[in-house]
Amino acid sequence: MSEHDAVVGDGRNETVNEQMDRNWAELLQELRVLQTGVQILAGFLLTIPFQQRFERLDDYQVGLYLANVVLAALITALILLPVSVHRRLFRKQLKETLVESADRIAKVALAGVALLSAGTASLVFDVTAGREAGLLAGGGLLAVMILLLVFVPMWLHKRASQD
């Protein structure tokens with residue numbers, strides 16, 4: 001029995017190949033969720049220049065806006081990257097490499113979404129309520145995102161390991 005035919009020891013009755021296929025499908029679902037969120041934020045950002053108030057943005061607000069647009073485009077590229085990698089590695093017996101790389105890409109994309117969310121909130125608050133409100137909103141949301149995306153999963157993992 002080869003390594004890829006061996007049954008995985010995680011309580012499931014599946015081979016390594018079946019596990020990799022399942023992990024790949026789960027990663028694709030997660031990336032679809034990320035993609036939707038990024039598309040919504042990017043769509044919102046792309047409408048801003050067509051608003052009358054856009055002309056009144058100061059240099060900081062324009063810079064923050066442009067940084068958010070670039071970040072949205074980069075995150076979109078990151079979310080598409082596993083598809084490109086899959087196309088290149090398809091039928092080359094490298095599913096484990098594909099799954100591992102997509103996992104790392106998804107983690108980086110999550111961090112990017114956290115930054116994009118905080119940056120977008122910061123811009124909206126800055127324009128509508130002032131610079132201090134924008135900085136507080138962006139920083140506060142970034143802190144909450146770090147708590148939710150980093151520390152809650154770590155805490156759940158630790159708790160599950162103790163059971």
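The values are calculated or read from the model by the stated rules, or taken from the named source; none is laboratory data. In this text the structure is predicted, and so the values were computed from the model without any measurement. A quick note on method: Cβ atoms are made from the backbone with ideal geometry, for glycine too, and the neighbour counts reach across all protein chains shown. These area figures cover heavy atoms from the full protein model, side chains too; ligands, DNA and RNA do not enter into them. Shrake-Rupley method; radii C 1.70, N 1.55, O 1.52, S 1.80 Å.
Cβ contacts < 6 Å: first residue touching a residue at least 40 places away in the same chain (Cβ under 8 Å) and within 13 Å of Ala109 (Cβ to Cβ), restricted to region 25-39; second residue of a type in the set (S, T, N, Q) and open to solvent by 40 Å² or more (accessible area, probe 1.4 Å), any location; separation 6+ or different chain. Result?
Correct list of pairs: Val38/Thr76.
For every residue, the table says whether it meets (1) at pLDDT below 85; (2) touching a helix residue (DSSP H, G or I) at 6+ places or on another chain (Cβ under 7 Å).
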site: His4; (1), (2): yes, yes
site: Gly9; (1), (2): yes, no
site: Asn13; (1), (2): yes, no
site: Asn23; (1), (2): no, yes
site: Leu34; (1), (2): yes, yes
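Of the numbered conditions (1) touching a Gly at 6+ places or on another chain (Cβ under 8 Å); (2) touching a residue at least 24 places away in the same chain (Cβ under 8 Å), Val69 satisfies every one except a single condition; which is it?
Every condition holds for Val69 apart from (1).
The rows are residues; the columns are (1) among the basic types (Lys, Arg); (2) under 17 Å from the mean Cα position of the chain (by Cα); (3) part of a loop (DSSP other than H, G, I, E, B).
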position	(1), (2), (3)
Arg12	yes, no, yes
Glu18	no, no, no
Trp24	no, yes, no
Val33	no, yes, no
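Starting from region 125-151, keep only residues that are of a type in the set (D, E, K, R), then list their pairs with residues that are in a helix (DSSP H, G or I) whose Cβ atoms are within a distance under 6 Å, requiring at least 6 positions of separation or different chains.
Correct list of pairs: Asp126/Gln61; Asp126/Gly134.
Every residue in region 84-104 that is acidic (Asp, Glu), touching a helix residue (DSSP H, G or I) at 6+ places or on another chain (Cβ under 7 Å) and either without any contact (Cβ under 8 Å) to a residue 24 or more places away in the chain or within 13 Å of Leu28 (Cα to Cα) (or both), please.
Taking region 84-104 first, the residues acidic (Asp, Glu) are 96, 100, 103.
Checking which are touching a helix residue (DSSP H, G or I) at 6+ places or on another chain (Cβ under 7 Å) leaves us with 96, 103.
Passing the criteria: only Asp103.
So which residues in region 27-43 are under 24 Å from Gln93 (Cα atoms) and surrounded by fewer than 14 Cβ atoms within 10 Å (Cβ to Cβ), if there are any at all?
Restricting attention to region 27-43, the residues satisfying the condition of being under 24 Å from Gln93 (Cα atoms) are 27-31.
Scanning region 27-43 gives a single hit, Gln29.
Does at least one position in region 42-60 carry a residue that is of a type in the set (A, V, I, L, M, F, W, C) and in contact with a His (Cβ under 9 Å, 6 or more places away or on another chain)?
no
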